[in-house]
Structure formats: structure tokens, C-alpha cells
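Heads up: the structure comes next, in C-alpha cells.
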Amino acid sequence: MYRERLSRLGGAVVWEQTSAGPHTVLPDGCMDLLWTPGRLFVAGPDTRAYLPDTPRGSRVAGVRLAPGTAPALLGVAAHELRDRRIDLADLRGARQAREQTERIDAAADPAAALEALALGLAAAAPRPPDPRLALVVRRLESGGTVAGAAEAAGLGARTLHRRSLDAFGYGPKTLARVLRLQRALALIRAGTPYASAALAAGCADQAHLAREMRDLAGTTLSAYGASANSETPQPSGSSTTA
């Protein structure tokens, strides 16, 4: 029902699925360019769990863009899309979006056609994503502190916060929380006990991780662990956001 592959666009993942019904989407720091028949739209960066209303059996494809990369392609600051799903027509113009949607609708491989669209947007972008913010992401993904990431990128705290709003949709502390939660969830899906996953991901203890689950994912560790063990594998972040 779900499959993904690395994209030719650096840092991105191309995915497609036939929806099995409601599946809660958790924050992951990414933004997605999405297609369903007759519609192209963008999933902005989430700060909380999101439950899409995708009907069972719907075909969905997406390009999951690494944290900080989507604004350069779309020409819009990430904080303007935070916790929102926006039609591409509202960002690129109705006529252009309609033509692109029709082209992907008619494609034998809509996921590949959507990837081609993303590559075209990247090629036409006036400037690439800020490499200093990519360094910030790498530091935070590996468990580094916000202060350490700022120092490594040569950015002051205020400058980093301002640029993070544009690139990620929220400040670096929120991004660090989201990435830490995703590290913990990956460990839990692999069978690591909750307490060990919490410490390995960078939480103070299991109670800290439990609070982050409630705040960011809107669920409990036990509920997530049960669903991870019983469901067909699905992406844990923003991919299934139709």
C-alpha cells in the first residue's frame, strides 16, 4: 500500500500509496508536494498530529522535501504554511497549477511526474536553500543542541531563529523537539523499550518522552507502540497528508 524511494532531488524522498483509510500524520520537520487525481497541493510543516480525510482506496503520491528545502522551491516562507494544506494554485497561479495537475493525472507514473515537477521548481528557483541551515538540520538530527548548531553554522541566536521561521516554519527549538521525537519513534518501531528509546533519542527520561508524545503527536507511548506493531508499515511523518 505504501512505497518510497530516494529522489533525484537532493535530500528528498518520492513516495506513493493507495490509502487504507485514516492514518495519523506526525510532525517530522518536512514539507510535502502532494498529488491526488485532480489536485496538487502542499503540506506545510506540522507542529501537531494531523488526521487526513483521505478516503480508503485513494491514490496519493508525494515528494517529501527535507527540512528547510521547500521554501526555495515554492517561493514562500515556511511559517506561512505551518500546520496548513495549501493548493499549489494558491502559490504558483491557477493556470500553471491546472496544467501541471492535468499532466500528472495523465502520466503513466504520477509519482515520477510529480518528481519531475519538483526538479523543475528547484531548477527555476532564484537561489538554493541556505547551506548553513542544512548544517543546522544535520546537527539537530544527530542530537546536537540548538546552541551548538548555531555556533557550527556561524549564526547568532536571533538570526538563527528568524531564518528558521522562514526555512522550517518554526524556531530551531521546535525543530529540535520534532527531530528528537522522530528519533525516539524510530527506535520504538525497531523494538527498543520506551525508557531506552527516550534516553538514546536525547530525552531526559521516559516521562519526558511521554510528554513530547502528548504535545507533538497527540497520543501516548503505549498507543503508538501498539499501532506500530499492528499496522502495515507507513511513513511516520508528513507523507500521508492528503
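With a 1.4 Å probe and all protein chains left in place, how much accessible area per residue does the chain have, in Å²?
Normalised by residue count, the accessible surface of the chain is 47 Å².
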³J(HN,Hα) across the range 196-207 via Karplus (A = 6.51, B = -1.76, C = 1.60, θ = phi - 60°), whole Hz, x for Gly/Pro?
-> 5, 5, 4, 5, 5, 7, x, 7, 5, 6, 5, 4
Scaled radius of gyration (Cα, divided by 2.2 N^0.38 Å) that the range 70-211 gives = 1.28
Per residue, the convex hull volume that the Cα atoms of the range 130-192 enclose (Å³) = 71 Å³
How large, in percent, is the carbon and sulfur part of the accessible surface of the chain at a probe radius of 1.4 Å?
-> 51 percent
The alpha-carbon center of the range 68-124 and that of the range 1-63 are separated, in whole Å, by 13 Å
Given a cut-off of under 8 Å on Cα pairs at least six residues apart, what relative contact order in percent is computed for the chain?
-> 25 percent
Cα gyration tensor shape of the chain, rounded if a/c is under 1.5, else prolate or oblate by comparing a/b with b/c | oblate
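The values are calculated or read from the model by the stated rules, or taken from the named source; none is laboratory data. These figures come from a predicted structure and were not determined experimentally. With ligands, DNA and RNA removed, areas are computed over all heavy atoms of the protein, side chains included. Shrake-Rupley method; radii C 1.70, N 1.55, O 1.52, S 1.80 Å.
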